[in-house]
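These notes concern the structure reproduced below.
Any read-out appearing in this document is the output of simple, stated calculations on the displayed coordinates, not a laboratory observation. Because the structure is predicted, anything quoted here is derived from the model rather than measured. No Cβ is skipped: glycine too gets one built from the backbone with ideal geometry, and neighbour counts run over all protein chains shown.
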Amino acid sequence: MAEKIVANQPQPIVKIGHYTLGQTLGVGTFGKVKIGEHVLTKHKVAVKILNRQKIKSLDVVGKIRREIQNLKLFRHPHIIKLYQVISTPTDIFMIMEYVSGGELFDYIVKHGKLKEYEARRFFQQIISGVDYCHRHMIVHRDLKPENLLLDHNLHVKIADFGLSNMMMDGEFLRTSCGSPNYAAPEVISGKLYAGPEVDIWSCGVILYALLCGTLPFDDEHVPTLFRKIKSGIFPIPEYLNKSVVSLLCHMLQVDPMKRATIEDIKKHEWFQKDLPTYLFPSPVEQDSSVIDIDAINEVCEKFNVKEAEVHSALLAGDPHDQLAIAYHLIIDNKRIADEAAKAEIKDFYVASSPPPVAFSPSENSNSPLRPHPERIARKGLFSF
């Protein structure tokens, strides 16, 4: 429960669970984000406050509750972690990982177009995180540099993964305050969309922004912007090499059926260059008839269900069943941790961060990339 503590201070302290809330970091599609601090450990977190009235679909008991529970199981070095969910009659408080490096958007605005190796490094991390979530039936649908945060080592952390999945398509379009510059043609056309191909398009726009410091489709007049996006025609600067141009063109295909898949991107020669092994751990051949008892028990504990329910979910073979997704998430997390241990990435599973690397900012400091009008968080703050 949220409670106010007045303790000889001009401003009352707002306390949520074991956390005190501080300044507002940003305001986005789903509500405010405030910095929080654990009362005992002083550990800083980001607290996303979801108003129940704004997100009506959160009142759908079973499905949404289980989806949030699964988000808590996500453990990937390039995805913001969800630690805890605290509910009150009016709000839902999501206690999340806090990172101090600001948004990738601000980094691009400050440095302009990045050197190719810098852009590739960011892009590889983004695709690794997107791939992880797609494999576990979660689509972002609002990927943009404002939702890509940086830690103190300039590693990417994807924010808001899974939250858009809790809204119906029409409702998501009506309530999203995101920029349409990153939206796929089928999204702005009002067609039904829910597949991973919409994230691929957004990643293509992000890659272009990293390499060029500008957007492939941009116009202050929204109808003109929509026409540009639907045409799929964008300027290709001469300084881009042919390899990355081929990748961009494949990702920015107007027809979602012809658009690149994650596998296409992973196999592309430009993407493969200097690719860290930890980003895509080798899949382990596993007999599907052999059940991991520890994973079963963890699912039972997390969801407060009986072992038989988890077995039934696995036998049913429904890839969208939340109990089955939770089971496979736990198995996948173990595999990632094992792979990281082999690669001697210290504290990978606990810290959920890759090792620090030397990183030089781009020399170009002029960029026409600009925030969309609806953006509320200012430079240096987070916009979840």
(request) Grab the beta carbon distance between Asp274 and Ser100, set R0 = 35 Å, and tell me the FRET efficiency rounded to 0.05. (result) 0.85
(request) At 0.36 nm per residue, minus the direct Cα-Cα distance, what do Thr224 and Arg52 gain on full extension? Give it in nm, one decimal, please. (result) 58.4 nm
(message) Given a Förster distance of 22 Å, report the FRET efficiency between Lys110 and Lys44 from their Cβ-Cβ distance, rounded to the nearest 0.05.
(response) 0.40
(request) For Lys115, enumerate residues with amide H under 5 Å from its amide H, sequence gap 5+ or separate chain, H modeled in the peptide plane. (result) Ser362
(message) If neighbour count is taken as other Cβ atoms inside 10 Å, put His221, His76, His328 in order from fewest to most.
(response) His221, His328, His76
(request) Quick one: which residues, 5+ away or cross-chain, put their amide H under 5 Å from the amide H of Tyr98? H built at 1.01 Å from N. (result) Ala46
(request) Mind checking the full-extension length gain between His18 and Tyr83? Use 0.36 nm per residue of separation minus the Cα-Cα distance, one decimal, nm. (result) 22.2 nm
(message) Using the Cα centre of the stretch 181-262 as the reference point, and only Cβ charges (+1 on K/R, -1 on D/E), how large is the resulting charge dipole? Debye, rounded to the nearest 20.
(response) 200
(request) Could you list which residues have their amide H under 5 Å from that of Gln84, counting only those 5 or more apart in sequence or on another chain, with H placed in the peptide plane? (result) Ile95
(message) Quick check: from the Cα gyration tensor, does the stretch 219-271 come out rounded (a/c under 1.5), prolate or oblate?
(response) oblate
(request) Give me Lys15, Lys191 ranked fewest to most by other Cβ atoms within 10 Å of their Cβ, as a rough exposure proxy. (result) Lys191, Lys15
(request) Starting from the Cα of Ala337, step 7 Å along the direction of its Cβ; do the same at Val254; then give the gap between the two resulting points in nm. (result) 4.9
